[in-house]
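Working notes for the structure below.
The values are calculated or read from the model by the stated rules, or taken from the named source; none is laboratory data. Note that this is a predicted model, so its numbers are computed, not measured. Positions of Cβ are generated from backbone atoms using ideal geometry, with glycine treated the same way; all protein chains shown enter the neighbour counts. We work out accessible area using only protein heavy atoms, side chains counted, and drop any ligands, DNA or RNA first. Shrake-Rupley method; radii C 1.70, N 1.55, O 1.52, S 1.80 Å.
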Amino acid sequence: MSIRGKNYRLGFDTGGTFTDFALFDESTGSLHVHKVLSTPQDPARAVIKGIRDLVERVDINPGRDHLTIYGATTVVTNAAIERKGAQTALLVTEGFRDVLEFRREQRYDIYNLFMTLPEPVVPRRLVYGIRERMNAEGQEVLALDPESLEQAIARMREEQVRSVAVCFLHSYINGAHEAQVMRRLEAALPGVDVTLSSELVPEMREFERASTTTLNAYTRPLLREHTQNLRRQLKALGFKDDFYLMLSSGGILSSELASKIPVKAIESGPAAGALASTHYSASMARPNILSFDMGGTTAKVCVISEGQPSVTNQFEVARVARFERGSGLPVRIPVINMIEIGTGGGSIARVDHLGLIQVGPRSAGADPGPSCYGQGGTAATVTDADLVLGYLNPDYFLGGTMKLDLAAAARAIQQTIAVPSAISLEDAAWGIHAIANQSMVRAAAVHVVEQAKDPRNFTMIAFGGAGPLHACRVAWSLGIGTVVCPYGAGVTSAIGLLVAPLVIDFGFTRRVPLSNLDWEHVSAVYAEHEATGRQQLIQAGADPAKIAVTRTCDMRYVGQGYEISVPFPSSAGEDTIAEVLLAAFNKEYRALFGREIPGVPVEVLNWRGAVRADSPALTLRSATSQGTHNLHAAMRGTRKVYLPEQHGYVEVPVYNHDLLPSGAEFRGPAIVEQKESTTVVIPGSHARVDDQLNLVIQFD
C-alpha cells in the first residue's frame with residue numbers, strides 16, 4: 001500500500017508500574033521516548049494515553065503518515081496470577097479427570113509437610129471425561145463416544161463456560177479425536193473459545209500439556225477482548241492497521257493471531273528487553289552480553305552468548321513460592337531463558353524478626369507506588385532509598401513531568417527501617433540500596449553459572465527505569481568490566497519491540513532412538529509445520545525471499561527423565577543426520593555437565609522449529625542531540641550523592657544524556673540523567689559516549 005508522509009514504528013511495553021513507549025521515525029532516525037504510569041485495572045487506558053501523547057508531541061497525522069505499532073502486555077500473566085481469567089472447562093480422556101491435581105511426583109520442597117501448590121485454573125467440577133482412546137503410537141483404541149460429549153456440552157451450557165480446553169491422551173501423536181470435538185463444540189457452543197492441545201502443544205507429558213492448554217483457554221477471552229479494545233480505540237485515533245504483539249520467544253505476531261495463543265505471550269515484556277540487548281550486542285560487536293533489566297517490580301537477567309539469547313521450553317507461572325522451581329503452573333512454550341528477581345524500584349523494605357533489613361519481593365507497584373510518588377504509599381521502597389541517597393533528582397523524574405516527594409521518602413525510611421534498626425537515615429537508605437544490589441548479584445551469578453558461563457567474559461547492558469542506577473555496583477560485584485547504558489534506557493524493552501521479527505514457532509513429539517531414526521517421517525512433519533508457518537508470515541506481510549527456518553531438538557540419554565535442547569545442524573544430510581545429531585548432543589552435554597556417558601544410547605523426544613522473517617533495521621539517533629554539543633553544555637550542575645567509599649555525601653557532576661555528544665568522556669563519580677532513567681557512574685570508573693549515544697562505562 002502506498003503511504004504518503006512519514007513512516008513510524010512505535011513500541012509499547014506494559015509493566016507492573018509504568019507503561020513504556022518508544023517511537024522511531026524511519027525518515028530521520030529520531031527516537032522519541034515516553035513513559036506513563038500503568039493502569040492495572042484497565043491496561044489499555046495507559047497504552048492509549050501514551051500513544052495519544054506521542055501522536056500529539058510528534059504531530060503524526062493518521063491520514064498522512066503510517067504508524068506500525070508493536071506491544072508487550074502483562075494481561076496474560078496477570079490473569080493467571082490473579083485468577084481473573086474466563087470460566088473455563090477441560091475435556092480429557094475418561095479416567096483422567098485428576099490430571100491437573102495429580103501433577104507430578106516431584107516436590108519443590110521435599111521436607112515441608114505443609115507445602116502448598118497452586119490451584120489449577122480449571123476446578124475439578126469443570127473437568128469432563130470423554131470416552132475415547134488413542135494408544136501411544138497414535139492408533140485408535142476406542143472411538144469418540146458422541147453421548148459422553150453431548151453430556152459434557154449440556155453441563156458446560158449450565159455452567160456458562162466461556163472457553164474450553166481439550167487434552168486427550170496421546171493426542172500429540174494423533175489429534176483426530178480432538179478435531180472431532182472442535183467441530184462439535186463450534187456448532188453446539190457458538191462464541192465459546194476452544195483450544196486443542198494437539199494444535200497448541202503436540203508434545204508428550206500429560207500434565208504439562210494439560211496445564212499449558214488450560215492456561216491458554218483460561219486467558220484467551222481476556223486477551224482477545226483486550227486486543228479488540230485497543231484496535232477499536234486506535235481506530236478512533238485514526239489508525240486503521242492491526243498492531244503486533246511480542247511473544248515470549250522473542251518474535252512478534254499480529255494481535256489477531258497472537259490473541260488465539262495468549263499463553264505464548266505470557267513473558268512478552270521481558271522477552272522484548274532481551275531482544276533489545278541482542279540488537280545492541282550486534283550493533284556494538286559485543287557477542288557476549290548479560291542483559292540486566294530492572295523496572296519497578298522485578299529485575300530480569302538474561303545471558304546472550306555469541307549474539308543469541310538461549311531459549312527454553314520449560315517455564316512456570318503463578319508460583320506459590322516465587323523463586324522455587326516446581327511451585328507454579330508449568331507452561332510448555334518457547335521462552336527466552338532468563339531469571340526474574342523480586343527486586344525493583346517499588347520493592348518494599350522491612351526489618352525482620354532478627355532485626356535485619358530485607359528487600360522485596362513484595363512491591364508497591366503503580367498504585368499506590370513508593371512513598372515518594374505522593375499517591376498514599378507509606379512503605380519504604382528501593383526508589384525511596386535511591387532518592388534519599390541523592391541518586392534521583394526529585395524535580396526531573398520522568399523528565400520533570402512527575403515530582404518526587406523527598407520528605408515522604410525520608411519519613412518512610414526513618415519510621416520503618418532506621419528507627420527499628422537504631423541506625424541513621426543515611427545508613428538505612430544505603431542498606432536498602434546495597435541489599436537490593438546483592439540480591440540481584442546472587443541470583444545473576446547462579447543464572448550465569450547454570451548456563452556454564454563466566455560472567456567475567458560478558459558485557460552488561462543495563463536498562464529499565466532502575467537498571468542503570470544499580471548496574472555499576474551489580475556488575476562490579478559480578479566481575480564484569482564494562483557496563484553499557486543505552487540511549488533511552490528507561491524504555492529499552494519498548495525499543496526491543498521495534499527490532500522484533502515476525503516468528504511462527506512449533507514443536508512436536510516423535511520419540512526415536514538415534515540408532516533407529518526414521519528421518520523421512522520426521523522430515524515430512526517438519527515440512528508440514530514449516531509450510532504453515534511460511535503461509536502465516538506471508539499473510540502478515542513478510543517478504544517470502546527473506547523467511548528463514550531454524551530447528552532444534554530435545555535429546556537425552558535413554559533412561560533419563562530430563563532432556564536438553566540441541567541446535568539442529570543445518571548442513572546434515574539424510575545419510576549423516578544421526579551422526580551429526582549425536583555429535584551436537586555430546587557437545588551440549590559436555591558444556592552443561594562437564595562429561596559424557598559412554599556406551600549409553602541417545603534418543604530424541606521433541607523436534608522444534610521456528611519460521612522467522614528478517615528483523616527490521618534500526619539505527620537510533622536522539623530526537624534532540626545531533627552530536628554538536630560539548631561536554632560542558634551537557635552538564636546540569638552538581639548534586640550531593642551518598643558514596644560509601646567516602647563514608648558520606650559528596651558533590652558530583654550531573655550530566656544530561658540527551659546533550660552528551662558522541663565521543664564525550666568523563667570519570668566517575670557522576671550522575672547521568674535521561675528522562676526515563678538515571679545512571680550512577682561509580683568511583684573508579686571511566687565513561688564515554690559511543691557513536692550510537694550509548695553510555696559505555698569501564699572499571700579501572
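Here, segment 265-325 has an Rg and a Dmax of 12.8, 41 Å when only alpha carbons are counted.
Note on Lys6: aspartates and glutamates with a C-alpha under 12 Å away, same-chain residues under 8 apart excluded, are Asp25, Glu26, Asp59, Asp65. Stretching Arg551 away from Leu142 to a fully extended chain increases their span by 143.8 nm, per 0.36 nm per residue minus the current alpha-carbon distance. Compute the Rg to Rh ratio over segment 123-275 from the alpha carbon atoms, using the Kirkwood formula for Rh, and round to two decimal places. Using Cα coordinates only, the ratio equals 1.03. Helix 146-158 and the longest principal axis of the Cα set of the chain meet at an angle near 40°. Note: segment 341-465, Cα convex hull, 120 Å³ per residue. Give the residue from Ile435, Thr459, Leu425 lying farthest towards the positive end of the charge dipole for segment 401-460; charges sit on Cβ (+1 for Lys and Arg, -1 for Asp and Glu) and the dipole is referred to the Cα centre. The residue sitting most towards the positive pole is Thr459. In this simple spin-label model, placing a label point 7 Å from the Cα along the Cα-to-Cβ direction at both Asp700 and Tyr108 gives a separation of 4.5 nm. The stretch between Arg97 and Gln451 holds 123.7 nm of extra length on full extension. This uses 0.36 nm per residue minus the Cα-Cα distance. Give, as ranges by residue number, the residues of segment 475-519 whose backbone N falls under 20 Å from the point 7 Å along Cα→Cβ of Asp691. Residues 484-488 qualify, since their backbone N sits under 20 Å from the label point. Taking 7 Å steps out from each Cα toward its Cβ at Ala285 and Ala434 produces label points 4.1 nm apart. What share of the DSSP beta bridges in the chain is antiparallel, in percent to the nearest 5? Taking every DSSP beta bridge with both residues in the chain, the antiparallel ones total about 70 percent. Sorting the segments 535-547, 246-258, 580-592, 684-696 by their residues' average number of neighbouring beta-carbon atoms within 10 angstrom, most packed first, yields 246-258, 684-696, 580-592, 535-547.
Per the Kirkwood formula applied to alpha carbons, segment 93-160 shows a radius of gyration over Rh ratio, Rg over Rh, of 1.10. Taking the convex hull of the alpha carbon positions in the chain and averaging its projected area over all directions gives 31.9 nm².
Rounded to two decimals, the Cα radius of gyration of segment 319-367 over 2.2 N^0.38 Å is 1.46. Restriction of the chymotrypsin sites (Phe, Trp or Tyr not before Pro) in segment 216-296 to DSSP coil positions whose beta-carbon has at most 12 other beta-carbons within 10 angstrom yields no sites. First obtain the Kirkwood hydrodynamic radius of segment 1-99 from its Cα pairs, then insert it into the Stokes-Einstein equation at 37 °C and 0.692 mPa s, and state the resulting D in µm² per second as a whole number. After rounding, the answer is 206 µm²/s. Taking every protein chain into account, the accessible area of segment 217-273 amounts to 32 square angstrom per residue (probe 1.4 Å).
For segment 59-132, the set of chymotrypsin sites (Phe, Trp or Tyr not before Pro) satisfying both a DSSP loop assignment and a count of at most 11 other C-beta atoms within 10 Å is given as Tyr111, Phe114. Against the chain, whose longest principal axis comes from its Cα atoms, helix 268-283 is set at around 70 degrees.
A 1.4 Å probe over all protein chains sorts His632, His279 by accessible area into His632, His279, starting with the largest.
Would you mind pulling out the separation of the Cα centroids of segment 285-343 and segment 444-458, in Å? When both Cα centres are located, 13 Å separates them.
Could you give P(r) for segment 453-579, binned at 5 Å from zero, as whole percent values over all Cα-Cα pairs? Going from the shortest bin to the longest, the percentages are 2, 8, 12, 12, 11, 11, 12, 13, 11, 6, 1, 0. The accessible surface of the chain, taken with every protein chain in place and a 1.4 Å probe, is 50 percent carbon and sulfur. Bridging of Lys403 to lysines at a Cα separation below 20 Å is possible for Lys35, Lys49, Lys640, Lys675, once same-chain residues fewer than 8 apart are set aside.
Can you tell me the FRET efficiency between Gln233 and Glu256 if r is taken as the Cβ-Cβ distance and R0 is 22 Å, rounded to the nearest 0.05? Step by step, r from the Cβ atoms, then E = 0.85.
Name the lysines eligible as straight-distance cross-link partners of Lys260: C-alpha to C-alpha under 20 Å, and not fewer than 8 places from it in the same chain. List returned: Lys84. Here the spin labels are modelled as points 7 Å beyond Cα on the Cα-Cβ line, and at Glu316 and Arg511 they lie 2.3 nm apart.
In terms of accessible area, using a 1.4 Å probe and ignoring ligands and nucleic acids, Glu94, Glu267, Glu150 rank largest first as Glu94, Glu150, Glu267. Taking the C-alpha atoms only, the angle from helix 425-450 to the longest principal axis of the chain is near 40 degrees. Sequence-distant contacts, meaning Cα pairs under 8 Å at least 6 residues apart, place the relative contact order of the chain at 12 percent.
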